[in-house]
Amino acid sequence: MEIPIRPRRNRASQAIRNLVQENRVTVDDLVMPLFILEGTGIKSEIKSMPGIFRYSPDLLLEECKELVALGIKAVVLFPALPDSLKDRVATESANPQGLYHQCLRLLKKELPELCLITDVAMDPYSSDGHDGLVSAEGEILNDETLEILARQAVSQAQAGADIIAPSDMMDGRVEVIRRALDEAGFTKVGILSYTAKYASAFYGPFRDALDSAPKKGDKKTYQMDPANVKEAIRELNLDLSEGADMVMVKPGLPYLDVVRALAELSDVPVAVYNVSGEYAMLKAAGQNGWLDYKKAVLETMTAFKRAGASLILTYHAKEVAQWLAGVEILV
Ligand code: PBG
């Protein structure tokens, strides 16, 4: 007689379900992105990202202390600058006295155990709102941009960055940044490359947060076409050969197949960036009572692990850490 196979036996109780669970999200997997701005005592909410704020350096430190207390071990910083500090060549991006570098030094001094990941790209500092240098004809100049990115990366390392994360999508930037870091003596500073960064509509709320949308045109000559996956593998091979320590896929949820593809082919850890628009969607639906926010967020995080991500950059990081610690929070 044929033996009846019953998969439901492994789902019979919470204890059994926990025993057989294949993927689990822990606080160790999470990286919290944080927005910063000049001033003191400022914590201003981003309209399209309820619950996410821009912090002045003093309140950034307070927020990071809370994150560390919750077990979060890494943050990535993005600066919101006034137009008066933006120019064509992103001069402010390598200013050691600027807001960004000042925050790095403060966090490194006060919270030495917190891993500081820095964003490398021109857009928050560029009067054109592009990640690269724009020519008079409106072209995004690749090789001219590389020098600017390398200078930015080295200056961030000098201010205390542990990991440099280039998000610009210029060709050859990982190699140029690696060489510049090594020449300046920062052989221990790692590179987390935005390897497969797509030209996505899901970055909208982030561009509101930093007022960094392109003044003209779009980012399609450097960010990838959402229709492509072979191209992501090509970028992976390049980044590995140029010395990337970690590779990233961005956005997250609509690109889980790309996360899976890279996880299978990469011999370095794969990160995923659960971007601003993904956060905004779940938050809005949760606030309207259209879905169970906590369950939807945790399911999303689990999906990233299942797809093969080692680390998750997510605006939900603090909430997830609180839930994992057993703290119930109001959404
Ligand atoms: C740009 C950059 C972007 C994000 C991170 N770095 C947006 C863009 O490419 O326009 C988006 C992150 C998010 O949406 O959460 N260097």
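The values are calculated or read from the model by the stated rules, or taken from the named source; none is laboratory data. It should be emphasised that the depicted structure is a prediction, and the values quoted were computed from it without experimental measurement. Every residue, glycine as well, gets a Cβ built from its backbone with ideal geometry; the counts of neighbours run over all protein chains shown. Just so you know, the surface numbers come from the protein's heavy atoms only, side chains and all, with ligands and any DNA or RNA stripped out. Shrake-Rupley method; radii C 1.70, N 1.55, O 1.52, S 1.80 Å.
Report the calculated FRET efficiency for residue 218 and residue 306 (r = Cβ-Cβ distance, R0 = 51 Å), to the nearest 0.05. List each step's numbers first, then the result.
Numbers: r = 32 Å, r/R0 = 0.63.
It comes to 0.95.
Where does the chain land at 222 nm, in deg cm²/dmol rounded to the nearest 500, when only DSSP H runs of n ≥ 4 count, each adding -39500 (n - 2.57), divided by all residues?
On the way: 11 runs with 125 residues, N = 331.
Dividing the helical sum by the residues of the chain leaves -11500 deg cm²/dmol.
Measure off, as a whole percent, the carbon and sulfur share of the 1.4 Å-probe accessible area of the stretch 25-324, all protein chains present. Intermediate values should be presented prior to the final figure.
On the way: 6280 of 11950 Å².
Carbon and sulfur atoms account for 53 percent of the accessible area of the stretch 25-324.
Assuming R0 = 51 Å, can you tell me the calculated FRET efficiency for the pair residue 108 and residue 9, based on Cβ-Cβ distance, to the nearest 0.05?
The formula returns an efficiency of 0.50 here.
For the stretch 187-299, list log₁₀ I(q)/I(0) at each q in 0.12, 0.20, 0.22 Å⁻¹, using the Debye formula over Cα point scatterers of equal strength and ignoring solvent, two decimals each.
-0.50, -1.10, -1.19
Where both partners of a DSSP beta bridge lie in the stretch 6-134, what percent of those bridges are antiparallel, to the nearest 5?
Details: 4 of 16 bridges.
Looking only at bridges with both residues in the stretch 6-134, the antiparallel portion is about 25 percent.
Could you pull out the trypsin sites (Lys or Arg not before Pro) across the stretch 175-282 that fall in loop regions by DSSP (anything but H, G, I, E, B) with no more than 15 other Cβ atoms inside 10 Å? Show your work: numbers first, answer last.
On the way: sites: 178, 179, 188, 197, 207, 215, 216, 219, 220, 230, 234, 260; in loops: 188, 215, 216, 219, 220.
Those satisfying the criteria are 188, 215, 216, 220.
Quote the accessible area belonging to residue 202 in square angstrom, nearest 10, computed with a 1.4 Å probe and with ligands, DNA and RNA left uncounted.
70
Excluding same-chain residues fewer than 8 positions from residue 47, which lysines have a Cα within less than 20 Å of its Cα?
283, 318
What figure in square angstrom, to the nearest 10, would you give for the accessible area of residue 162 with a 1.4 Å probe?
So the heavy atoms of residue 162 present about 50 Å² to solvent.
How much accessible area per residue does the stretch 25-324 have, in Å², with a 1.4 Å probe?
Accessible area per residue: 40 Å².
How large is the convex hull of the C-alpha atoms of the stretch 25-324 per residue, in Å³?
Values: hull volume 36.5 nm³, N = 300.
Output value, Cα hull per residue: 122 Å³.
What aspartates and glutamates does residue 43 reach when the alpha-carbon gap must be under 15 Å and sequence neighbours fewer than 8 apart in one chain are set aside?
58, 62, 63, 66
Give me the accessible area of residue 26, 1.4 Å probe, in Å² rounded to the nearest 10.
Here the residue's solvent-accessible area equals roughly 50 Å².
What angle, in degrees between 0 and 90 and rounded to the nearest 10, separates the Cα long axis of helix 142-159 from the longest principal axis of the Cα atoms of the chain?
80
What is the angle, in °, between the Cα long axis of helix 293-307 and the longest principal axis of the Cα atoms in the chain? Nearest 10 is fine, range 0 to 90.
80
Restricting attention to the stretch 1-36, which trypsin sites (Lys or Arg not before Pro) occupy a DSSP loop and are surrounded by at most 12 other Cβ atoms within 10 Å?
Answer by residue number: 24.
Quick one: work out the % antiparallel among DSSP beta bridges in the chain, nearest 5. Mind dumping the intermediate values first?
On the way: 6 of 39 bridges.
Once the DSSP bridges in the chain are tallied, antiparallel ones form about 15 percent.
In whole Å, what is the distance between the alpha-carbon centres of the stretch 195-251 and the stretch 90-150?
The stretch 195-251 and the stretch 90-150 have Cα centres spaced 16 Å from each other.
Against the longest principal axis of the chain, how steep is helix 230-241, in degrees 0 to 90 to the nearest 10, with axes from Cα atoms?
Rounded to the nearest ten degrees, it is 70.
Using +1 on the beta carbon of Lys and Arg, -1 on that of Asp and Glu, and nothing else charged, what's the dipole of the stretch 25-324 about the Cα centre, debye to 20? Don't skip to the answer; put the middle values down first.
On the way: 31 positive and 44 negative charges, 139 e Å.
Result for the stretch 25-324 is approximately 660 debye, rounded to the nearest 20.
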